[in-house]
Amino acid sequence: MTLARLAPILFVFLWSTGWVVAKFADRFADPLTFLALRYAAAAVLFYMVCRSTGAAWPKRPAAFFHALVSGVLLHGLYLGAVWWAIGQGVPAAISGIIAGLQPLMTGIAATRLVGERLSPSQRLGLLLGFIGIAIAVLPKVFAVDASAIPAFAVVVNIIGMAFVSGGTIYQKRYLHEGDIRTVATLQYVGALAVTLPAAYLIEDMRIEWSLGLLATLGWAVLGISMGAIMLLLYLIRRGDVSKAASLIYLVPPLAAVEAAVAFGEQLTHWMMAGTALAVVGVYLTNRGARPAQESGVGVRR
């Protein structure tokens, strides 16, 4: 199997483990503090990879700026908002349904901002994917005591979802070229630049150094911040934004399976039915997507 075929599968698996990592990480550190550690480690490791492999750095200051800004949006503001909201008491089920809005928002924005054209089957796929996520997680949402959920944290979670949609569009529009390794390095520098001050201002910056922390941090950096993000950048650059975003529909259901294995959480019939519908939605979105070279979106190699 080629990388083009493997990349979506690997991305969904690696990205879905972020939910499990977030639950483990809370045992050892405050949310933003852990993210700051993660971004610092990822930036250093990516820099070492770039130096050892001779990766070319952007030659234009504008390219540096765009890479930093995309990192602020995709990692700093998005993950920072979501992790902080979950740490404040937003249930994972509600966070999951909010995340399900992201592919819809990205698909709509992509038609207006980067000229992508969605076929009827792609539009149907995006809609079915969201409905599938809703079916999978709404029973858990209804089981939660609404009075115990901090409204402000939910708003922050929604804002974080908007940031990742904006960051995906920004990435596609302004980062057409350049080595993905150096782009990723600069993105984590940008993410760290906003996450570290935020952690200092609103958290106690609790860190409990242990083997468990190092293991969790190691997977967060190597598996997600490096592996999953490289695959996401590859998918965005290679094809349509809506196609890459639709894969997010598969993340909450797969994360639920992983949580069942890791923490003994229950899998329901609603979750399995919703997952099946989400898979259909992703299939329709990806089947109807045309290569970026044919859709009017400029991708420079």
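The values are calculated or read from the model by the stated rules, or taken from the named source; none is laboratory data. These numbers were taken from a predicted model, which means no experiment stands behind them. Ideal geometry is used to build each Cβ from the backbone, glycine not excepted, and the neighbour counts take in all protein chains shown. Just the protein is used for accessible areas: all its heavy atoms, side chains included, with ligands, DNA and RNA removed. Shrake-Rupley method; radii C 1.70, N 1.55, O 1.52, S 1.80 Å.
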Region 13-25: number of residues that are modelled with pLDDT of 85 or more, closer than 20 Å to L235 by Cβ and either of a type outside the set (S, T, Y) or open to solvent by 20 Å² or more (accessible area, probe 1.4 Å) (or both): 2
Only one of these conditions is not met by Y174: (1) open to solvent by 50 Å² or more (accessible area, probe 1.4 Å); (2) among the hydroxyl-bearing types (S, T, Y); (3) farther than 17 Å from L73 by Cα. Which number is it? (3)
Filtered residue count, region 263-279, keeping only those that are modelled with pLDDT of 70 or more and open to solvent by less than 70 Å² (accessible area, probe 1.4 Å): 8
Of all helices (runs of 4 or more DSSP H) completely enclosed by region 171-249, which ones contain at least 1 residues that are within 26 Å of M48 (Cβ to Cβ)? 180-202, 211-219, 229-238
Test each condition in (1) of a type outside the set (F, W, Y); (2) modelled with pLDDT of 95 or more; (3) over 14 Å from the mean Cα position of the chain (by Cα) for V221 and report the one that comes out false. (3)
Select from region 212-223 the residues that are crowded, with 19+ Cβ neighbours inside 10 Å and closer than 14 Å to T185 by Cα and list them in ascending order. V221
Restricting to region 110-127, and then to whatever is in a helix (DSSP H, G or I) and surrounded by fewer than 20 Cβ atoms within 10 Å (Cβ to Cβ), can you tell me which residue is modelled with the lowest pLDDT? L113
Inside region 135-153, can you point out the residues that are at pLDDT 75 or above and surrounded by 18 or more Cβ atoms within 10 Å (Cβ to Cβ)? I135, A153
May I ask you to list the residues in region 26-44 that are open to solvent by less than 60 Å² (accessible area, probe 1.4 Å), within 23 Å of A67 (Cα to Cα) and of a type outside the set (D, E, K, R)? L32, T33, F34, L35, A36, L37, Y39, A40, A41, A42, A43
Is region 92-105 home to any residue that is touching a helix residue (DSSP H, G or I) at 6+ places or on another chain (Cβ under 8 Å), modelled with pLDDT of 80 or more and open to solvent by less than 60 Å² (accessible area, probe 1.4 Å)? no
Restricted to region 48-67 and to residues being open to solvent by less than 100 Å² (accessible area, probe 1.4 Å) and among the aromatic types (F, W, Y), the residue farthest from the chain's Cα centre (by Cα) is W57
